[in-house]
1. When you check PRO79 against the structure, is it out of contact with any Lys or Arg (no Cβ under 6 Å at 6 or more places or on another chain), without any contact (Cβ under 8 Å) to a residue 40 or more places away in the chain and under 30 Å from CYS167 (Cβ atoms), yes or no?
2. Looking at the stretch 343-368 only, could you name the residues that are closer than 14 Å to ILE115 by Cα and small (Gly, Ala, Ser)?
3. Kindly establish whether THR87 is of a type in the set (Ser, Thr, Tyr), at pLDDT 95 or above and more than 29 Å from GLY234 (Cβ to Cβ).
4. Return the only residue of ALA168, ALA179 being in contact with a helix residue (DSSP H, G or I) (Cβ under 6 Å, 6 or more places away or on another chain) and either modelled with pLDDT of 90 or more or surrounded by fewer than 18 Cβ atoms within 10 Å (Cβ to Cβ) (or both).
5. For the stretch 211-226, how many residues are in contact (Cβ under 8 Å) with a residue 60 or more places away in the chain and either part of a strand (DSSP E or B) or under 19 Å from the mean Cα position of the chain (by Cα) (or both)?
6. Can you tell me how many residues in the stretch 33-79 are assigned to a loop (DSSP other than H, G, I, E, B) and either among the β-branched types (Val, Ile, Thr) or within 19 Å of PRO95 (Cα to Cα) (or both)?
7. If we scan the stretch 182-204, do we find a residue that is modelled with pLDDT of 90 or more, of a type in the set (S, T, N, Q) and within 23 Å of the chain's Cα centre (by Cα)?
Amino acid sequence: MSSNDTDTTHFPSLASFGEPWPEFNDGLTYRDLVRSPDSGLTLIDFYTRKHQTSAPSLGWLQRIENGQITVDGTVVADPHTVLRTGTELVYHRRPWKEPYAPYFLEVLFEDDHLIALNKPSGLQVLPGGLFQQRTVLTQLQWRIRNQELCPAPVHRLGRGTSGILLCAKTKLAKTRLAALFADKTSAVVGNRKIDNEVNKVGKMSKIYRALACGIINEDEIVIDQPIGTVKYPGVAKGLYVASPSGKPALSKVHVLKRDVQNNLSVVQVEIQSGRPHQIRIHLSFIGHPLIGDPLYLTGGKPQLSVSETIDEAFAEDGGYHRPANPVPGDCGYYLHAHQLVLHHPMTNEVVKITAPLPPIFLRHESGE
């Protein structure tokens, strides 16, 4: 560590914030501009072709006839309206009741540039799918209403994952932190101290706790299985899975306790950088998926066979029904982002942040 660095450890405080969610969200608006290749299409043809993953054709017909689409600012309920180049289309998604989500967030560390939160399981980080308002981002925006600040998470945790979520409060901090998270170079820490490794490679170290199925015989395992995507119903951009042709990923697993009675292992998993769902996929790949994981059960692949057929039935708002198969956002598994060590993007201090373990981890680690 250089003479300009300060090793600063931040332990959890009692500070927390959060506002209860309203019963209905504010709905959404989606804008499109008709380009020359689409000139001459009818309104129903445009939406069916351009946004087929949002709703089947009958769903878009329902939305048009409900008056949810405007053409150059005027509601148009005729699906056969012919469109011209330069026309502005706006689809108005009506307010809806979002599924239950917790809203209290504990502040683990905060200064003028960063805020680190202890995210509860069940709370989504950024808007997506059914969760457009009930997110960490919304609570941050409600808490920090100064327009000069732009509080935003700089990485994601799965909705079912709890623990440390690092957020930036300024544009400069966000840019510098994004550069750290974008660096996908992985390194095995070995037996060296984490802060020395962070100082050496100039990155960050992330440590998780997890409850894995079965008894892991080895004390330590290094998993370097690449992670890629496959087509999967309900996941528009593809599902992340263990794939020989995927991108490099590295996880170091250390067994903390073997609970023979409950046939599970309490593990610590360290990653220098992360692919989406990396820990869930890697532990599943070695035959020890997370306890309660509804999606990844064996071999780093989804538990169910992948069907490429599309269900043409639609929900009340015209969109597709929720996928029958499990999807990545489903909860039920036990994964906790426990510790984060990084160089502060503005001060260059080595900052260690720890999120207290949820009760279920404490019970299994103590043998109760």
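The values are calculated or read from the model by the stated rules, or taken from the named source; none is laboratory data. Just so we're clear, the structure is a prediction, and the values are computed from it rather than from any experiment. FYI the Cβ positions are ideal-geometry reconstructions off the backbone, even for glycines, and counts take in every protein chain you see.
1. Numbers: out of contact with any Lys or Arg (no Cβ under 6 Å at 6 or more places or on another chain): yes; without any contact (Cβ under 8 Å) to a residue 40 or more places away in the chain: yes; under 30 Å from CYS167 (Cβ atoms): no.
Judged against the criteria, PRO79 is not a match.
2. Across the stretch 343-368, the qualifying residue is only ALA355.
3. On the way: of a type in the set (Ser, Thr, Tyr): yes; at pLDDT 95 or above: yes; more than 29 Å from GLY234 (Cβ to Cβ): yes.
Yes, satisfied.
4. On the way: ALA179 fails: in contact with a helix residue (DSSP H, G or I) (Cβ under 6 Å, 6 or more places away or on another chain).
Of the residues listed, the single one that is in contact with a helix residue (DSSP H, G or I) (Cβ under 6 Å, 6 or more places away or on another chain) and either modelled with pLDDT of 90 or more or surrounded by fewer than 18 Cβ atoms within 10 Å (Cβ to Cβ) (or both) is ALA168.
5. We begin by selecting, within the stretch 211-226, every residue in contact (Cβ under 8 Å) with a residue 60 or more places away in the chain; these are 211-214, 216, 221, 223, 225.
From what's left, either part of a strand (DSSP E or B) or under 19 Å from the mean Cα position of the chain (by Cα) (or both): 211-213, 221, 223.
Total satisfying the criteria: 5.
6. Residues of the stretch 33-79 assigned to a loop (DSSP other than H, G, I, E, B): 34-35, 39-41, 51-56, 66-68, 72-73, 76-79.
Cutting the leftovers down to either among the β-branched types (Val, Ile, Thr) or within 19 Å of PRO95 (Cα to Cα) (or both) gives us 34, 53-55, 66-68, 76.
Residues in the stretch 33-79 being assigned to a loop (DSSP other than H, G, I, E, B) and either among the β-branched types (Val, Ile, Thr) or within 19 Å of PRO95 (Cα to Cα) (or both): 8 in total.
7. Narrowing the stretch 182-204 to residues modelled with pLDDT of 90 or more: none.
No, the stretch 182-204 contains no residue that is modelled with pLDDT of 90 or more, of a type in the set (S, T, N, Q) and within 23 Å of the chain's Cα centre (by Cα).
The rows are residues; the columns are (1) among the polar types (S, T, N, Q); (2) under 22 Å from CYS331 (Cα atoms); (3) more than 19 Å from the chain's Cα centre (by Cα).
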position	(1), (2), (3)
LYS237	no, yes, no
SER245	yes, no, yes
ILE281	no, yes, no
HIS288	no, yes, yes
PRO302	no, yes, no
